[in-house]
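In what follows, a structure is listed as structure tokens, so that the remarks can point back to it.
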Amino acid sequence: MTSKTAQSKPETGQQLGLQDLQAQVETLQLELAQKNLEMAQKDLLVHQGHQAFLEAAEKLQYSYKRLQKEVAGLNLELDQKNKELERNLIERDKVKNYLSNIFESQANGVFVTDLQGRVTSVNRSGLRMLGAKAQALTGRHINKVLRCKVVPAKAEPMTESGGMADFQQSITFTREDGEALKLQASGTVMNGENQQPLGYIVNVHDVTKLKRLEEHAERRNRFTAMGEMAANIAHEIRNPLGSIELFASLVRKGLMEGDERLELVNHISTGVASMNHIISNLLEYTKPRPVSLQKVNLHYHVSEVAEFTRFSASQNQVDLKLGLKAKRFHINGDPEHLKQVFHNLILNAVQAMPEGGGLNIASRVRTLTSPGLLRRFGDGVAEIPGRLEVVELSFKDTGMGMPEEVQNQIFDPFYSTKARGTGLGLAIVQNIIESHHGIIDVESRNHQGTTFVLMFPLLGKERAGA
Ligand SMILES: Nc1ncnc2c1ncn2[C@@H]1O[C@H](COP(=O)(O)OP(=O)(O)O)[C@@H](O)[C@H]1O
Ligand SMILES: [Mg+2]
């Protein structure tokens with residue numbers, strides 16, 4: 001179309017092109033001006049933006065610095081607070097340790113429970129006393145633990161004075177290892193702030209040793225008084241006895257062989273001898289010869305006494321056997337006293353078998369570790385704590401045995417079930433064993449026989465080897 005127009009009117013076409021061009025230039029110029037204006041506006045905006053940015057940045061920096069300062073201040077404060085807290089913690093730890101030391105150092109067992117009586121903590125002595133582990137006790141009711149009603153089954157109502165009553169209890173407690181303990185338990189209510197009851201504190205005191213010593217002392221006193229009286233009488237009797245024996249021997253001399261009266265005189269002499277024996281025993285019990293301990297061979301002395309009594313035993317149809325198997329048999333002892341022990345035990349055994357029987361004397365070495373057994377030897381006997389080597393000597397007969405009520409009294413002086421017994425044999429035996437730091441036990445079944453078991457601490461290996 002344009003070419004058609006250009007062909008028909010060429011001159012006008014040229015003019016038109018020029019005008020067009022001019023117009024185009026003008027529009028272009030206008031556009032340029034507009035663009036320039038826009039640019040200038042944009043520049044202005046950019047400038048303004050930049051300015052705003054700078055201002056903001058400055059503000060930000062300022063705020064940041066202030067913040068930094070504030071943070072530094074806060075840090076300092078925090079540091080101080082931390083230090084203070086640390087000091088408080090150390091102080092608290094110290095107090096806690098101090099209290100815990102007091103708790104743990106108590107010789108008494110201390111059991112702390114909640115209001116329901118459930119154990120919350122136990123100190124070392126408490127655990128040792130009961131032979132138990134803490135885990136086994138915590139959470140259990142204290143009455144179950146001590147097998148006795150030490151705290152009320154239910155939390156007790158307040159008394160008029162506003163508190164709860166304290167309580168005290170004597171307990172016989174048998175430990176797992178069989179040791180029977182005498183305990184004294186006392187409980188108090190533990191109050192918190194505002195006198196609010198929180199639980200109980202049960203204090204347990206082991207009085208086993210004390211009670212045993214008391215019993216021992218009381219028995220000693222009783223028997224000493226009895227013995228002294230008996231000793232006085234014995235002295236009084238001994239002199240006329242001497243005269244009787246003298247007269248009897250004079251009478252015997254004046255009689256002819258075969259005279260019937262000779263038997264009567266002999267009866268007198270036998271009676272005197274028997275009374276003399278009783279009196280010697282009495283005096284031995286009340287005023288024993290002093291013990292002089294030395295290294296002795298137990299096998300040697302027990303064999304000596306056994307051989308000495310073997311004949312009279314066989315006359316009573318008692319078969320005496322020795323089975324001395326101990327590899328070590330040296331102890332710290334007094335030979336004369338020990339021989340008296342063996343003699344008394346053999347004599348009792350023979351007397352317990354009026355129709356004959358057997359008596360076995362045996363020995364063996366044992367290493368004891370049971371605390372209950374060790375304690376019976378007394379303090380300081382074991383060279384190694386918790387361990388003691390002993391030589392055990394047993395006298396086992398097949399005699400009449402004895403019921404329990406007899407067994408409980410056989411070591412009491414003057415206790416005898418025999419028509420002509422003094423009841424001093426075993427009392428003397430026990431005294432001698434004690435002075436040798438040994439122990440004696442009896443095991444007996446009525447009509448079935450009796451075994452007496454002696455244990456003596458062995459002398460150390462190096463000393464025994466000699
Ligand atoms: N081997 C034994 N078998 C049975 N009973 C015994 C034995 N040894 C001691 N007894 C009992 O112990 C008691 C006390 O013994 P002991 O003190 O020696 O006094 P005694 O022999 O004078 O009676 C005896 O009377 C007896 O009942
Ligand atoms: Mg006797």
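Observations
- Single unsatisfied condition, A419 versus (1) small (G, A, S); (2) within 12 Å of ligand 1 (Cβ to nearest atom); (3) touching a residue at least 24 places away in the same chain (Cβ under 8 Å): (3)
- Considering D441, D412, D397, the condition of being touching a residue at least 12 places away in the same chain (Cβ under 8 Å), surrounded by 20 or more Cβ atoms within 10 Å (Cβ to Cβ), within 16 Å of ligand 1 (Cβ to nearest atom) and of a type outside the set (V, I, T) is satisfied by D397 alone.
- Test: L146 is modelled with pLDDT under 95, in contact with a Lys or Arg (Cβ under 8 Å, 6 or more places away or on another chain) and surrounded by 15 or more Cβ atoms within 10 Å (Cβ to Cβ): no
- Once region 239-260 is narrowed to residues that are charged (D, E, K, R) and surrounded by 15 or more Cβ atoms within 10 Å (Cβ to Cβ), the residue that is farthest from I278 (Cα to Cα) is R252.
- Some residue of region 420-433 being farther than 25 Å from L322 by Cβ, hydrophobic (A, V, I, L, M, F, W, C) and within 16 Å of ligand 2 (Cβ to nearest atom): yes
- Tally, over region 211-242, of residues that are modelled with pLDDT of 85 or more and either among the aromatic types (F, W, Y) or over 23 Å from P413 (Cα atoms) (or both): 4
- Within region 336-363, the residues that satisfy the criterion of being away from ligand 1 (no atom under 16 Å from the Cβ) and crowded, with 16+ Cβ neighbours inside 10 Å are L338, S363.
- Selection within region 311-334: residues that are over 45 Å from the mean Cα position of the chain (by Cα) and crowded, with 18+ Cβ neighbours inside 10 Å. The member of this set that is farthest from V429 (Cα to Cα) is V318.
The values are calculated or read from the model by the stated rules, or taken from the named source; none is laboratory data. Everything quoted here is computed from the prediction, not taken from an experiment. Here the Cβ is made from the backbone with ideal geometry for all residues, glycine too, and neighbour counts use every protein chain on show.
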